[in-house]
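Shown next, in structure tokens, is the structure this report addresses.
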Amino acid sequence: MSAPDPPLAVLAELTHRCPLQCPYCSNPVDLERASSELDTATWCRVLDEAAEMGVLQVHFSGGEPTVRKDLEELVRHATRGGLYSNLITAGVLLDEARIEALAAAGLEHVQLSFQDSEAANANRIGGFRGGHQKKHQVARWVRKAGLPLTVNAVVHRQNLDHLEDIIEMAVALDAERLEVAHVQYYGWALKNRAAFLPTRAQLDAATAVVAAARERLKGTLVIDYVVPDYYARWPKACMGGWGRHFLNITPAGKVLPCHAAESIPSLRFDTVAERPLAEIWAQSEAFQRFRGTDWMPELCHSCARREIDWGGCRCQAFALTGDAANTDPACQLSSLHEGVYALAEREAGAPPPAFTYRRIGGAA
Amino acid sequence: MNRRVVIELTSMPRLPRHVKLRFDKQRNRWIILAPERVLVPDEIALEVVKRCTGKASVAAVVEDLAASFDAPREEIESDVTRLLQDLADKGFVVT
């Protein structure tokens, strides 16, 4: 097999520490502690390796990346190396001076999460008092510093009916882009699935709201829309295909093909301490396991869409079938598809259970 | 993006600070870096975007392209305006 093209982007998860406790957090259930985090010098070396191998963009994420005191230094280092940098943040720890310092260090863009348009519900979902109000302030500081803003709104049965207001909020905050992302069910979100899955009617209403808003707000707000897999007909091309465009580095330096990949217990991940990043990308077992089409089951391998959706999501295949090498049951051709659809309708039709909040030890 | 940027012949298009046209040495092609996006412009888009300096009007860009590529002006005008409007609607071009 020839060497794969280099990745376009790296998601740098600087920490798993976070003041919020969103029950759909994309971090693994086993959160890494502060003591295992990579130090500044190691991150700088890894950023250099990334730029050298052809990575173009770095997304600083977490956890909450702003808990790291060296964030400005890492942004400056990335910028110096020619990487385009993006901050994915909950915002609540930022002040105006820090945003200005990040902009001065070369930060190009901020993606700020909101849990709802309604303060009380947003703060209940995030498990952080006063968070929603602070985020509004942060959005204004970001725009004042001249940085473009994306509002990220994870949506589900407990806020989906506010979608019109969420869109108006993004416009009022002068965001360029709004990401309306239905919860994806791995890790914490899988534990809380019944609390989040919308009904089909709720989903259809939301999809119509997005379509109308896109038309109405053309040129004012770009809306990206991530649909929930359980009601989909075709699976999503997760990460644009395993090991094709993207890699993820955990706070402790494990290199993953996607942020949820640790939910697949059979995979072994190399770390940036052991091997150069380019070598991990090209050769590590975890990247090779599902790269391309050779690994696919016959249903996928013989499918005309095999290089469109790349067999869907490996983590979802594992979560729903127990085998990560199966066809993603989000695909209507999967024999399990109808069962997943029925499960979604059943859970969405029952009263939502209480949240299991995302915190260290919280899943026990 | 408080209000929609409408591309007219008199508009002076430019890339905002956070949108960067760069030559990608590893892949030997031009790319446009934007928030959470990497765009690979086709040959025509590249020629247009290279001319989005804030110092030339859309009319001047069209004129220049018509001369450089020896192509009918009307056709270029409609292609260029459509392309720039599309980029403006995504926030990748401002005036």
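Where a number appears in this text, it was derived from the coordinates with a stated rule and is not lab data. Here the structure is a predicted model, which means the values were calculated and not measured. Please note: Cβ atoms are built from the backbone with ideal geometry, for glycine as well, and neighbour counts cover all protein chains shown.
Only helical DSSP H runs with n ≥ 4 go in: add -39500 (n - 2.57) per run for chain A, normalise by residue count and round the 222 nm mean residue ellipticity to 500 deg cm²/dmol.
Numbers: 15 runs with 132 residues, N = 364.
Taken over chain A, the calculation gives -10000 deg cm²/dmol.
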What's the average, rounded to a whole number, of partner chain beta-carbon atoms within 10 Å of each residue's beta-carbon in B:34-43? 5
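Over chain A, what is the mean sequence separation of C-alpha contacts under 8 Å (at least six apart), divided by residue count, expressed as relative contact order in percent?
In percent, rounded to a whole number, it is 20.
Please report the relative contact order for chain B, taking Cα pairs under 8 Å with a sequence separation of at least 6, and give it as a percent rounded to a whole number. Don't jump to the answer; show the numbers that get you there.
Values: 121 pairs, mean separation 37.9, N = 95.
That works out to 40 percent.
Is segment B:20-89 best put as rounded, prolate or oblate by its Cα gyration tensor, with a ≥ b ≥ c the root eigenvalues, rounded for a/c under 1.5, and otherwise prolate when a/b is larger than b/c, oblate when not?
Numbers: a/c = 2.13, a/b = 1.66, b/c = 1.28.
Prolate, since a/c reaches 1.5 and a/b exceeds b/c.
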Counting other Cβ atoms within 10 Å, which trypsin sites (Lys or Arg not before Pro) in segment A:209-261 have at most 15 and lie in a DSSP loop? A:LYS218, A:ARG233
Among A:SER35, A:ALA208, B:ALA59, pick out the residue whose Cα is farthest towards the positive end of the charge dipole of the protein assembly as shown, where Lys and Arg carry +1 and Asp and Glu carry -1 on C-beta, about the Cα centre. A:SER35
With +1 on the Cβ of every Lys and Arg and -1 on the Cβ of every Asp and Glu, the dipole magnitude of segment B:20-89 about its Cα centre, in debye rounded to the nearest 20, is 580 debye
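Please state the charge dipole magnitude for segment A:252-364, taken about the Cα centre, from unit charges on C-beta atoms (+1 on K and R, -1 on D and E), reported in debye and rounded to the nearest 20.
Values: 11 positive and 14 negative charges, 69 e Å.
Dipole magnitude for segment A:252-364 comes out near 340 debye.
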Taking a temperature of 25 °C and a viscosity of 0.890 mPa s, what whole-number D in µm²/s does Stokes-Einstein yield for segment B:1-57 with Rh from Kirkwood over alpha carbon pairs? 195 µm²/s
Taking every alpha carbon pair in the protein assembly as shown, what does the distance histogram look like in 10 angstrom bins from 0, in percent? 4, 19, 29, 29, 15, 4, 0, 0
P(r) of segment A:234-346 in 5 Å steps, Cα pairs, percent per bin? 2, 13, 23, 23, 17, 12, 7, 3, 1, 0
When Cβ neighbours within 10 Å are restricted to other protein chains, what is their mean count per residue of peptide A:276-282? 0
Would you calculate the volume per residue, in Å³, of the smallest convex hull containing every Cα atom of segment A:75-192? 110 Å³
Per residue of A:24-32, count partner chain C-beta atoms within 10 Å of its C-beta, then hand back the mean as an integer. 0
